[in-house]
1. Wholly within segment A:267-378, which strands (runs of 3 or more DSSP E) include no fewer than the required count, namely at least 1 residues that are open to solvent by 20 Å² or more (accessible area, probe 1.4 Å) and under 22 Å from B:Pro85 (Cα atoms)?
2. What is the one condition in (1) open to solvent by 40 Å² or more (accessible area, probe 1.4 Å); (2) of a type in the set (A, V, I, L, M, F, W, C); (3) at the interface with chain A (Cβ under 10 Å from one of its Cβ atoms) that C:Val134 does not satisfy?
3. Only one of B:Phe66, B:Phe54, B:Phe58 is within 9 Å of chain A (Cβ to nearest Cβ) and surrounded by 24 or more Cβ atoms within 10 Å (Cβ to Cβ). Can you tell me which?
4. For segment B:125-163, which positions are part of a helix (DSSP H, G or I) and touching a residue at least 60 places away in the same chain (Cβ under 8 Å)?
5. How many residues are closer than 22 Å to B:Thr83 by Cβ and either open to solvent by less than 60 Å² (accessible area, probe 1.4 Å) or modelled with pLDDT under 95 (or both) if we restrict to segment B:178-198?
6. Looking at segment A:12-26, is at least one residue open to solvent by 30 Å² or more (accessible area, probe 1.4 Å), under 16 Å from A:Ala141 (Cβ atoms), in the same structural domain as A:Phe190 (by TED's automatic domain parsing) and touching a residue at least 60 places away in the same chain (Cβ under 8 Å)?
7. Across segment B:98-135, which residue is nearest to B:Thr159 (Cα to Cα) among those that are among the acidic types (Asp, Glu) and surrounded by fewer than 16 Cβ atoms within 10 Å (Cβ to Cβ)?
8. Can you name the number of the only condition in (1) more than 24 Å from the chain's Cα centre (by Cα); (2) part of a loop (DSSP other than H, G, I, E, B) that A:Glu181 fails?
Amino acid sequence: MRQQLEGSRAVAEAVQRCRPQVVAAYPITPQTHIIEHLAQMVADGELASEFVSVESEFAAASVVLGAVATGSRAFTASASQGLLLMTEVLFNIAGLRLPVVMVCANRAVGAPINIFSDHQDSMALRDAGWIQLYVESNQEAVDTVIQAYRIAETCELPVMICMDGFFLTHTFEPVDVPEQEAVDAFLPDFHFARTLDPAQPMTLGGGSEPDNYQEYRHAQHQAMVSAADEIDNINTEFTQSFGRDYGGLIDHYQLEEAEVVLVTLGSVMGAVKDVVDSLRGQGQSVGALRLRCFRPFPATHLVAALRNTRRIVVLEKAFSVGADGIVATELRAALHNAGVAIPVESFIGGLGGRDLTLSLIEEVFRAASAEPSANCRFAGLNSLPDDIPIIEET
Amino acid sequence: MNFDVNKDKRIFGQSDIAKSGKKVATSGLHEIRFHGRGGQGAVSAAALLSLAAFSDGFEAQAFPKFGSERRGAPVEAYVRISTIPIRRHNQVYQPDAVIIQDTTLLRSEPVFDGLEDGGLMILNAERRPETLGTKALRWVYLPANRISETFLGRPLPNTVLLGALAAATGWVSLAALEQAIGNHLVRKGEEVVTANINALREGYRITLEQEEAS
Amino acid sequence: MDSRDPFRHNVLTSGHRACSGCGEAMAARMVTDIIGPDAIYINATGCLQVFTTHNQQSSWQAPWIHSVFANAAAVASGVEAALRARGDDTPVIVQAGDGGTFDIGLQCLSGMIERGHDVLFVCYDNEAYMNTGVQRSSSTPHAVRTTTSPPGRLSEGKHHLKKDMISIIAAHQMPYAATATVAYFPDLKAKVEKAMSIKGPRFLQVLSPCPLGWDHDAAQTIQVSRLAVETGLFPLLELEHGAVTGVMHLPQQRPVEDYFRLQGRFKHLFGSKGGIAEIRHLQALADARIQRYGLLDTTTDWNTDTASQVQRHGRGGYSLDRQEDSQ
């Protein structure tokens, strides 16, 4: 049933439908409403879960690790500083191939401390071995949470659902949270082969030496690469059951004969679509592409979708300090590997909750018609207090 | 075709007919900005407005501009009401209406930003404020603190001001607002719900009177 | 560059964004004014950090650093180590909330104490994660409503007891640990001064009521703070090298309901059978604490300067209405 819900509330309801037996909770803005709703559901007997209020995010990640390793579906959520505090454990979960699912309410990373949205937190963990899915709307957040448990449990890889803090978590908009029966039909009972069970004792997390470590890591990489197909298939199956389609790994908008394509992730895609429409209305051949799945990196799909365009601009909310935009760098590599020579320009914007306005997005499109710049540019810099120089191009 | 993405409010895509048959928005999109202080319910007001618009059959979006959780600190909240699905999640820069829950904000906050001539300002005030800014705005003012104190026992002006907005614009129906209050505040009990609905109605009534008188 | 305002001498000066009636702001002003601006302050993430350094502004008139949530005590250890390496005895002060002390900050705090760093760690205890919107911490008392320990069909609020932090700290056998609260300023002052006269790791836990999170009238912060002590729920203690060396005696014991009635976070306990049982439980906890620390005894012979001073000069603290106190 379609309802007007706050994003966090919708996500909490989606989590509830997935029947996690353990929820680990440590508050950090802007994830707080998600765990608060889950707490109320547990308090009211609407969610049969052990609600574990932990002492830190490091513990939150560890609690869900322990729960899943013991054969129970689990959930946690975090953001920013908290997500980074989990780092060691997140690598550990991925290496143990545990199907943990978590929501990252994307938020900037300090210093300087900032509670607003950008993608630096999840992007900083792109090497950890987690599947990363970035959602555009609260509806997609709901649907992706449900898909995530299927993906995680099928691929035996942990999944991080990335949703923009405040822009999505704290926004009321229409959402259809699927009914319990429909979710039960889509999500089988949690089964996992390698659990801690006295009836079938296993050792998890043992040591490794130079003569076998590399093979474990290679296997992890292969599992991640193969997961791409599963993510696609599960999306298709979801579409068949629930009627909503997110394109699987990538979602594109007005790509037909587009001469300039803007590539981005997350909720800004909504505004990008509005700008594409208005520019097309002015006779410009522009289009947009959203990476829904960032890990595994959908190189083949991206190349196939983009090979016929003339210019690509990437607008992303994270970067590697001292280097370049992250998505832009990986996209350039994918195109280069496929022998496709299209200039990719890198724009960094929307950091720390800075709003990506329609006019700013339009400027990014316009920049693509000028001479391509090899350096990454920051979209929409204001001036800072006196003694800090304004950076226009790095 | 000349199109200025900043100025034009048209939403591209397939139009949708409002199911309720109520007074339909005259343009595709209405944007409303609330100014308040933490604890005055500006964020709740935005949420309630979006709930009401949704139940009236529109597409709606509401979100806060967040600071930290401090009582008394200035807050802003935004609402979009549209006849077609709203895709963008930007802040609201060109509100068609601004609701100011606290007159002290007139001096300290950019309450006039983005309003065009003919835009609507709803102010919680005992009397018409002296400095009205430079734009040719439509002003509605009402003593929402006093009204809410009568019905709720304390100065919580948000539902009163929502009533005022409904009366001044017709963008959302009173019935839908009442239903939204009932659902959103159900946990606080029937008395609180009824009190808020009465405050809402009073805000509506007073504003209609003011509109009719002018 | 000396950024101190010559016309205002508070270390924590005006212009910050605390809620009206904030107990933590009160406590921080009291504590830092006693310590003074010639100290280095390390702040954990939390209300105090946020409302004093919001968006490129600062209300601190002393050197001050914020790093992350968990590491204030570790950063302070580094600051202290650097100063000592240079023979500099500038005081090093940590300020943290209960989250940054009892929960996420506990590891670093324990390490700092165990290594014997010459740091005063001040915990402003408002009994929940207030900055992020009132979620429970391990300092949240039993049966309290927070957003992650909400009352509901199956719940009467937080299940677990308030962590006995002062005992954990004291078990480190460190030179000085004490509890204090805003309602008893001379007592707080004496404890800060005492702590500042000692070398090594020192700890203060200052109960700081939060009008927003505890849901009480912003004008009643001091009253709420006093009742926490007078019910026995928050004993005012001093511990040195693991042993209790001073307590604030109570002339009488106030029933816990007197304390609860002022605060919305306990409201759900009045009017349900389960709630009434929890009130009795909390009363029993208060009784046990009074018993444990001999708060109603008048015969115990304490021999520390502070304890004697308190005995000589009485309870101190602000009392707006003497009539009310004697009820």
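The values are calculated or read from the model by the stated rules, or taken from the named source; none is laboratory data. Since the structure is predicted, the reported quantities are computational estimates derived from the model, not experimental observations. Don't worry about glycine lacking a Cβ; one is built from the backbone with ideal geometry, like all the others, and counts go over all protein chains shown. Surface areas here come from the heavy atoms of the whole protein model, side chains and all, with no ligands, DNA or RNA. Shrake-Rupley method; radii C 1.70, N 1.55, O 1.52, S 1.80 Å.
1. Values: elements: A:286-291, A:293-295, A:311-316, A:344-348.
The strands (runs of 3 or more DSSP E) meeting that bar number zero.
2. In the conditions (1) open to solvent by 40 Å² or more (accessible area, probe 1.4 Å); (2) of a type in the set (A, V, I, L, M, F, W, C); (3) at the interface with chain A (Cβ under 10 Å from one of its Cβ atoms), C:Val134 misses (1) alone.
3. Details: B:Phe66 fails: surrounded by 24 or more Cβ atoms within 10 Å (Cβ to Cβ); B:Phe58 fails: within 9 Å of chain A (Cβ to nearest Cβ).
None of the others qualify; the one that does is B:Phe54.
4. Scanning segment B:125-163 gives B:Asn158, B:Thr159, B:Leu161, B:Leu162.
5. Applying the first criterion (closer than 22 Å to B:Thr83 by Cβ) to segment B:178-198 yields B:179-180.
From the residues that got through so far, the ones that are either open to solvent by less than 60 Å² (accessible area, probe 1.4 Å) or modelled with pLDDT under 95 (or both) too are B:180.
Looking only at that region, the number is 1.
6. For segment A:12-26, residues open to solvent by 30 Å² or more (accessible area, probe 1.4 Å), under 16 Å from A:Ala141 (Cβ atoms), in the same structural domain as A:Phe190 (by TED's automatic domain parsing) and touching a residue at least 60 places away in the same chain (Cβ under 8 Å): present.
7. Start the filter on segment B:98-135 by keeping residues that are among the acidic types (Asp, Glu), which leaves B:102, B:109, B:113, B:116-117, B:126, B:130.
This time we only want the ones that are surrounded by fewer than 16 Cβ atoms within 10 Å (Cβ to Cβ), so: B:113, B:116-117, B:126, B:130.
Details: B:Asp113: 24, B:Glu116: 25, B:Asp117: 26, B:Glu126: 17, B:Glu130: 25 Å.
That would be B:Glu126.
8. Answer for A:Glu181: the failing condition is (2).
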